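Okay, structure first, notes after.
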Amino acid sequence: MDAGADEVDRLVEAWQRERSDLDLGPVEVFSRIGRLSVLLDRARRQAFAEHRIESWEFDVLAALRRAGRPYELSPGRLIKETLVTSGTMTNRVDRLTQRGLVERLPDPRDRRGVLVRLTRQGKRTVDGAFTALLAREQQLLTGITTAQREELAATLRTLMVPLDEA
């Protein structure tokens, strides 16, 4: 095994020895993605902990922040942005409201509807957490060049598009 080998190389080598009849290409890709996922999750939790929020809180706050001024969305739109159930979103908005990070407002276009809006404190919190997250993610990418990063992003996009459509 060469000096540039990683743990996945060692894992694949062992499987090749035991099951040379199998194509281990997917293991080489997805084992690395899985390991990166663990590192990214750890980086996310650390970045968000600095700003006293959980990952799920960041997801809701970030969806509102990305919406642009006035940083508000309907609960239905938040559900689509964060891929959670209606009951889960209600619970999340309740908890974020209690913390002063979002507020509920009547929807002027629908008397029965509400909008969820980011508060000033919520905007400061999500902006700080996002900045901290980007710094940690940049650290995870220090081993590759900008061109390699762009190529990797393009390759992952090619992999994801049909999966997103499904």
Exercise. If you check every pair at least six apart or on different chains, which have Cβ atoms under 9 Å apart with a residue in the stretch 6-24 that is without any contact (Cβ under 8 Å) to a residue 12 or more places away in the chain first and a residue that is surrounded by 11 or more Cβ atoms within 10 Å (Cβ to Cβ) and in a loop (DSSP other than H, G, I, E, B) second?
Worked result: Gln16/Leu22; Gln16/Leu24
Exercise. If a residue has to be small (Gly, Ala, Ser), farther than 23 Å from Ala132 by Cβ and part of a helix (DSSP H, G or I) to count, how many in the stretch 47-94 make the cut?
Worked result: 3
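For every residue, the table says whether it meets (1) at pLDDT 95 or above; (2) surrounded by 15 or more Cβ atoms within 10 Å (Cβ to Cβ).
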site: Val93; (1), (2): yes, yes
site: Gln98; (1), (2): yes, no
site: Arg111; (1), (2): no, no
site: Arg117; (1), (2): yes, yes
site: Arg124; (1), (2): yes, no
site: Ala129; (1), (2): yes, yes
site: Ala135; (1), (2): yes, no
site: Ala147; (1), (2): yes, no
site: Ala154; (1), (2): yes, no
Seminar exercise, completed: Within the stretch 42-59, restricting to residues that are acidic (Asp, Glu) and in contact (Cβ under 8 Å) with a residue 12 or more places away in the chain, the one that is farthest from Arg92 (Cα to Cα) is Glu50
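The values are calculated or read from the model by the stated rules, or taken from the named source; none is laboratory data. Fair warning: this is a prediction, and the values are worked out from it, not measured in the lab. Here the Cβ is made from the backbone with ideal geometry for all residues, glycine too, and neighbour counts use every protein chain on show.
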